[in-house]
Amino acid sequence: RLLFEDLLEFQLAVAIRKRAWKVGDMAPVLKTTPKIDSRIRRLFPFQFTAGQDKAIQEISADLASGPAMHRLLQADVGAGKTAIAIYAMLVAVAAGHQAVLMAPTELLATQHWHTIDRALAQSRVRRRLLTGSLTPAQRREALAEIARGDVDLVVGTQALIQKGVEFPSLGLAVIDEQHKFGVGQRAHFSLGNQHPHVLVMTATPIPRSLCLTQFGDLDISVINELPPGRQPVRTWRVFNAATRKKAWTFIRERIGEGRQVYVVCPRVSATEITEPEQPAFEFEDGEELAGSTEEVYEQLSQGELSGFQIGLVHGRMDPQAKADAMDAFRTGETQVLVSTTVIEVGVDVPNATIIVIQQAERFGLSQLHQLRGRIGRGRHQGYCFLFSDATTAEVTKRLTAMENSSDGFEIAEVDFEIRGPGDILGTRQHGALPLRFASLTRDRKLLEEARDVAFELVESEKFDEPEFAPLKISVLERFGELMDLPRSG
């Protein structure tokens, strides 16, 4: 009973927040006519999968409904969510409104820009890239064009939500890899008088328990099938000198055949960990941190991959140097790219068929799956090598799960079971765990029951009747500030 009440109050707060969005924020009505649909689809050199079509139907219904859309699109890596984002943005543009796509890194924003620019090469859609690396003169020009309404579609980083960026008629905001942004950053586009539709996307499949909690106030679309022709990546754990020697021999042979290779390291230098994700594996105090990009680049250049062209990219490089390194790899000028996780999402080089992940125990399962998604994107078979000397039971379980499954949704559930929910409300949480007694890993069945009861009470408006006033007060006291709940009603 205590567990159920704990989860019920939490789910009532989620249901109240979702209802507030549905009745409070009226957005532009963006209708997808058959003519608009056919014009957009002609831009793509492929047919959408059944999963993509279903997501388009759900998003199109939201865009035409009146209340502001707040939808999460989650898809496995390579399932084609960027195409869905382009489709939705073009529906907004066709209705005479502006659309924006915000990505967490300049590398990913630039990748999206190239994809969109290619897709719209024959269209009259006016588009702009807005990132922090623009010169002051370029930025002033871009901001003036956006403010005048001379730009229909904008792609960028957090530069899009900085002071001075004004959209006169924003119809849709798409936020990619939403978990990299705080709640306040995601809500920025809905501040003031404008209430655009909001589509948040992730290529990191989310466990069902988190879908009902952290994202329980969003409508959810799922694409769980890959486009035709995509082959599962073959994955091996490399855990001793003998298997490492075999792996490098195999890799040299594939490079000799014309393929390309990513080598991913958990940090830039031997003295500093710069990646944002908390390591999944804790080192003992005083244990030396080896295997940085700088060290691995030197080691491979002089050892296992000497004679091949090797590039280097990491987050501390200036934007132009990063862009040059990626362009050299994309064009085949370099055969091997040593990097940190800056290549985790959005990077698409079909000829790259091998990824080596150094110290794989330092990454979470979902992040390993994301990294593995950088390969196998063309007609050649993909291969993933997980280098790790760690032999603990937890590491073995995680890396074995990677060997045995290529299904991101299955891997997300295993990761959740091993690592737990973490900070389930992100920056809303202010350091306090919102559940008193319940556990999202242990009490998943009870969570679903509590959600059904909570949403039935709120959606039927029974929760607004006087008999539920004490429970409503309790919910607001617990979660009102934490989840920005409305106090009226």
Within the stretch 112-141, tally of residues that are aromatic (Phe, Trp, Tyr) and closer than 15 Å to residue 98 by Cα:
0
Conditions (1) modelled with pLDDT under 85; (2) open to solvent by less than 20 Å² (accessible area, probe 1.4 Å); (3) farther than 16 Å from residue 206 by Cα: number failed by residue 484:
(2)
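Output the residue which, of all residues in the stretch 395-412 that are in a helix (DSSP H, G or I) and free of Cβ contacts under 8 Å to residues at least 40 places away in the same chain, is surrounded by the most Cβ atoms within 10 Å (Cβ to Cβ). Write out each step before concluding.
Of the residues in the stretch 395-412, the ones in a helix (DSSP H, G or I) are 395-404, 408-412.
If we keep only those that are free of Cβ contacts under 8 Å to residues at least 40 places away in the same chain as well, we get 396-397, 401, 404, 410.
Numbers: 396: 15, 397: 13, 401: 20, 404: 12, 410: 15.
Once the filter is applied, the top-ranked residue is 401.
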Restricting attention to helices (runs of 4 or more DSSP H) lying wholly within the stretch 1-67, give those where 1 or more residues are among the aromatic types (Phe, Trp, Tyr) and open to solvent by 40 Å² or more (accessible area, probe 1.4 Å).
2-24
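If we keep just the residues of the stretch 166-181 that are closer than 19 Å to residue 96 by Cα and in a loop (DSSP other than H, G, I, E, B), which is most open to solvent (accessible area, probe 1.4 Å)? Walk me through it before giving the result.
Our first condition is that a residue be closer than 19 Å to residue 96 by Cα; within the stretch 166-181, this holds for 166-174.
The next check asks that each one be in a loop (DSSP other than H, G, I, E, B); those that pass are 166-169.
Values: 166: 121, 167: 25, 168: 75, 169: 36 Å².
Among residues in the stretch 166-181 that are closer than 19 Å to residue 96 by Cα and in a loop (DSSP other than H, G, I, E, B), the one most open to solvent (accessible area, probe 1.4 Å) is 166.
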Please report, ordered by residue number, the strands (runs of 3 or more DSSP E) entirely within the stretch 293-390 with at least 1 residues that are open to solvent by 10 Å² or more (accessible area, probe 1.4 Å).
310-313, 383-387
Residue list for the stretch 192-226, filter: more than 21 Å from residue 89 (Cα to Cα), in contact (Cβ under 8 Å) with a residue 24 or more places away in the chain, part of a loop (DSSP other than H, G, I, E, B) and not acidic (Asp, Glu)
204, 205, 206, 207, 212, 213, 214, 215, 216, 224, 226
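Across the stretch 233-258, which residue is surrounded by the most Cβ atoms within 10 Å (Cβ to Cβ) among those that are hydroxyl-bearing (Ser, Thr, Tyr) and modelled with pLDDT of 95 or more? Spell out the reasoning first.
Within the stretch 233-258, the subset hydroxyl-bearing (Ser, Thr, Tyr) is 235, 243, 249.
Then drop every residue that is not modelled with pLDDT of 95 or more, which leaves 235, 249.
Working: 235: 23, 249: 10.
Step by step, filter the stretch 233-258, then rank; the result is 235.
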Is it the case that residue 89 is out of contact with any Asp or Glu (no Cβ under 8 Å at 6 or more places or on another chain) and among the aliphatic types (A, V, I, L, M)?
yes
Kindly establish whether residue 361 is of a type in the set (Asp, Glu), in contact with a Leu (Cβ under 9 Å, 6 or more places away or on another chain) and over 20 Å from residue 76 (Cα atoms).
yes
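The values are calculated or read from the model by the stated rules, or taken from the named source; none is laboratory data. All values reported here derive from a predicted model rather than from experimental measurement. Positions of Cβ are backbone-derived with ideal geometry, glycine not excepted, and every protein chain shown enters the neighbour counts. With ligands, DNA and RNA removed, areas are computed over all heavy atoms of the protein, side chains included. Shrake-Rupley method; radii C 1.70, N 1.55, O 1.52, S 1.80 Å.
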